[in-house]
Amino acid sequence: MMTKILTGIQASGELHIGNYFGAIKPMLDYQKDEKNEMFFFIADQHALTSLKDPAKFREYSKNAILDWLALGLNPAKSLFYRQSDVPAHTELFWYLLCLAPMGMMERAHSFKDKKAKGLEANAGLFTYPMLMAADILLYSAEKVPVGKDQKQHVEMARDIAQKFNHTFGETFVLPEADIQKNVQTIPGLDGQKMSKSYGNTIPIFAEEKVLRKKIMSIKTESKSLGEPLNPDTCNVFVFHKLFENPNLENLREKYLTGKIGYGDSKKQLFELVWEYFAEARVRREKFAENWGEVENIMQEGAQKAREISQAKLDEVREKIGV
């Protein structure tokens, strides 16, 4: 029996390492199993909660598509589409929003966190979880790979699906958040959760000099050279583990005995990250040179997504009386 697995990436800036380990890599791993039915989408409408520049909106959307393909998304095995190419997302969003209790919406951590940091608290940001619920429920997704920060949103999708099913009859599959235990929260340059909203990201496809500078700026404790370092509280060491440094145990020993400083650890990390994405950089250049073919891939994916989502939307419309 097939398992339906879905994830989306918000096209509001460069894809970063947090995106990769939180959602992209788990999806690419699932793609290898033929028993899984895969849905990847560019969440460009979500990006409008923070992005108001049309030129950047188009640029970020295009870059996100190239990034996914370069990192290994296979359109022959997975459905790949833009959220904005599938009108059913926004229509179902409204129906779900009309069922959503204000208390549930007000408890969303993402909205409260961004508001507390002084980001624009628009209504789109407030209702974001219901659009995300529509993204998921239209395709009867059973698993939704997300970072720890998005777990609550998947739970809200599940809650609103249950309420709809109770009110109008069995309609939606109840989704489950799929969180990789070793990458629940990816730290940013400043030690907070890595997020485009906070400007603390490490872009996957940054130029060599930019990537080096980013990695060298990762926040660390103030320690004198030769002092022992704690690998379990070091954000640099977190990335060494994520990128599966083959010399991890040796590096840990050097940390504990003071035989390495943060600067050298960061230099090793840069080399590790640069090599890790080397093949993806080559693939990305080839896709960028053949954008017409890429656009054909997106249109084919959108057509299939419209067919699937419209069938579910028709069922919803009938049940609610529209």
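FYI, it's all coordinate maths here, none of it is from the lab. Please read these numbers as outputs of a predicted model, since none were measured by experiment. As a convention, Cβ positions derive from the backbone with ideal geometry for all residues, glycine included, and neighbour counts pool all protein chains shown.
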Calculated Rg and Dmax of segment 206-276 using C-alpha coordinates, Å:
11.6, 34
What percent does the relative contact order of the chain come to when contacts are Cα pairs within less than 8 Å and at least six residues apart?
22 percent
Contour minus Cα-Cα span, ALA311 to LYS52, at 0.36 nm per residue, comes to 90.0 nm
In 20 Å bins starting at zero, report the fraction of Cα pairs in the chain per bin as a rounded %.
30, 55, 14, 1
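Which residues make up the longest stretch of the chain clear of GluC sites (Glu not before Pro) that lie in a DSSP loop with no more than 11 other Cβ atoms within 10 Å, not counting the sites? Write down the numbers at each step before the final one.
Details: sites that count: GLU34, GLU120, GLU170, GLU207, GLU221, GLU244.
Longest gap between qualifying sites, sites excluded: 35-119.
Assuming 0.36 nm per residue, please report the length gained on full extension of the stretch ARG281 to LYS35 beyond their Cα-Cα distance.
Values: separation 246, 0.36 × 246 = 88.56 nm, distance 2.91 nm.
Length gained between ARG281 and LYS35: 85.7 nm.
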How far apart, in nanometres, would the label points at ARG107 and TYR198 be if each is projected 7 angstrom from Cα along the Cα-to-Cβ direction?
2.4 nm
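Can you check how the C-alpha radius of gyration of segment 185-322 compares to 2.2 N^0.38 Å, as a plain ratio?
Working: Rg = 22.1 Å, N = 138, 2.2 N^0.38 = 14.3 Å.
In units of the globular-protein estimate, segment 185-322 measures up at 1.54.
Please give me, ordered by residue number, the trypsin sites (Lys or Arg not before Pro) of segment 7-67 that lie in loop per DSSP and have at most 14 other Cβ atoms within 10 Å. It would help to have the intermediate numbers written out before the result.
Values: sites: LYS32, LYS35, LYS52, LYS56, ARG58, LYS62; in loops: LYS32, LYS35, LYS52.
Here the trypsin sites (Lys or Arg not before Pro) that fit, given the DSSP loop and packing criteria, are LYS32, LYS35, LYS52.
Arrange VAL273, VAL210 by Cβ neighbour counts within 10 Å, fewest through most, would you?
Numbers: VAL273 22, VAL210 13.
Listing VAL273, VAL210 from fewest to most nearby Cβ atoms yields VAL210, VAL273.
Calculate the FRET efficiency for ALA76 and ILE320 from the Cβ-Cβ distance with a Förster distance of 41 Å, rounded to the nearest 0.05. Before the final figure, lay out each step's value.
On the way: r = 36 Å, r/R0 = 0.89.
Plugging the Cβ-Cβ distance into 1/(1 + (r/R0)^6) gives 0.65.
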Length gained, GLU227-ASN165, 0.36 nm per residue minus C-alpha separation, equals 16.4 nm
With all pairs of different alpha carbon atoms counted, what Kirkwood hydrodynamic radius in Å does segment 68-157 show?
14.6 Å
Quick check on my link table: of LYS181/LYS241; LYS114/LYS219; LYS62/LYS143; LYS151/LYS319; LYS193/LYS219, which ones sit more than 19 Å apart, alpha carbon to alpha carbon?
LYS114/LYS219; LYS62/LYS143; LYS151/LYS319
